[in-house]
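Novice: One structure is given below, represented as structure tokens, and several questions about it will come after.
The values are calculated or read from the model by the stated rules, or taken from the named source; none is laboratory data. Remember, predicted model here, so these are calculated numbers, not experimental data. Using ideal geometry, Cβ is built from the backbone for each residue, glycine included, and neighbour counts are taken over all protein chains shown.
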Amino acid sequence: MKILVISDVHANFEALKSVLKLPHDIVLFAGDIVDYGPRPKECIETLNNVSYKMVRGNHDNAVAFNTDCGCSAQMHALSVSTRAYTKQILNKEEVEFLKRLPLKEEFTIDNKKFFMIHASNSDPLFTYLKADTPKEKFIKEFGNIDTDFIIYGHTHFPLVLRDIVKGVIVNPGSVGQPRDGIWLASCAIIDTVAEQVEIKRIPYNINKTEKEIKEAGLPEVLIDILKAE
């Protein structure tokens, strides 16, 4: 079975559509549907329809509960400035949907156990676990979880770690706003039979997303972030 793992779409509908064209059997979503991007409604509807399991991200939480996103200092002001647009676009039912998203999910697919969260086990919404995070921190967060695959997002950087804890640690990176200098949408494919994990980078119609950002009146620095290399 091929599992498409995605995270951090951030209302970039064009990127989401392209990623979903990859051959897959099941979709797992590790949080942050909204903020920054121009099409939150379409992303909520699509992910609700296609996802087998989903968790709430810090930006989903901020929109749903009218609270701070707790994101990085360099992105905080931009997140706040785009949230007003997001709240204006979404209706009550869509906001309620974000509220209902769980913080953690544990489940089994094809006899493999999965644990999924947006940020970390001890801090589901806000802690950043990056490639340069000490291994001891990953062990502290995930070492006591009996599972085959640990999925998280939040950092916008893809990552696959083996032989640190019991399960394979997978961060698919960001579909809608990668921050590793590659503009292509980032995701992961887990093959449960071969027990392989592959990070995928997918082109999408970035020019259309750029046009939508301008038409929505969102800060044009978002375009620079999408194209940053």
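Novice: Can you tell me how many residues within the stretch 183-213 are assigned to a loop (DSSP other than H, G, I, E, B) and more than 16 Å from the chain's Cα centre (by Cα)?
Specialist: The number of residues fulfilling the criteria is 7.
Novice: Spot the failing condition for ILE145; the list is (1) among the β-branched types (Val, Ile, Thr); (2) at pLDDT 95 or above; (3) farther than 16 Å from ALA30 by Cα; (4) crowded, with 16+ Cβ neighbours inside 10 Å, and only one is missed.
Specialist: (4)
Each row is one residue, and each column tells you yes or no for (1) assigned to a loop (DSSP other than H, G, I, E, B); (2) more than 30 Å from VAL160 (Cα to Cα); (3) in contact with a Pro (Cβ under 9 Å, 6 or more places away or on another chain); (4) not charged (D, E, K, R).
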| site | (1), (2), (3), (4) |
| --- | --- |
| LEU78 | no, no, yes, yes |
| SER81 | no, yes, yes, yes |
| GLU93 | no, yes, no, no |
| THR108 | no, no, no, yes |
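Novice: Additional query: Only residues that are closer than 23 Å to VAL175 by Cβ, of a type in the set (Val, Ile, Thr) and in contact (Cβ under 8 Å) with a residue 24 or more places away in the chain: list them for the stretch 128-158, please.
Specialist: Passing the criteria: ILE150, ILE151, THR155.
Novice: Every residue in the stretch 110-122 that is closer than 19 Å to PHE29 by Cβ and not in a strand (DSSP E or B), please.
Specialist: ASP110, HIS118, ALA119, SER120, ASN121
Novice: Of the numbered conditions (1) surrounded by fewer than 23 Cβ atoms within 10 Å (Cβ to Cβ); (2) in contact with a strand residue (DSSP E or B) (Cβ under 9 Å, 6 or more places away or on another chain); (3) over 19 Å from THR209 (Cβ atoms), LEU22 fails exactly one; give the number of that condition.
Specialist: That leaves (3) as the condition not met.
Novice: Restricting the stretch 196-229 to residues that are of a type in the set (D, E, K, R) and without any contact (Cβ under 8 Å) to a residue 40 or more places away in the chain, which is farthest from ASN12 (Cα to Cα)?
Specialist: GLU198
Novice: Quick check: anything in the stretch 45-57 of a type in the set (Asp, Glu), outside any strand (DSSP E or B), over 15 Å from the mean Cα position of the chain (by Cα) and under 16 Å from ASP8 (Cα atoms)?
Specialist: Among the residues of the stretch 45-57, at least one is of a type in the set (Asp, Glu), outside any strand (DSSP E or B), over 15 Å from the mean Cα position of the chain (by Cα) and under 16 Å from ASP8 (Cα atoms), which makes the answer yes.
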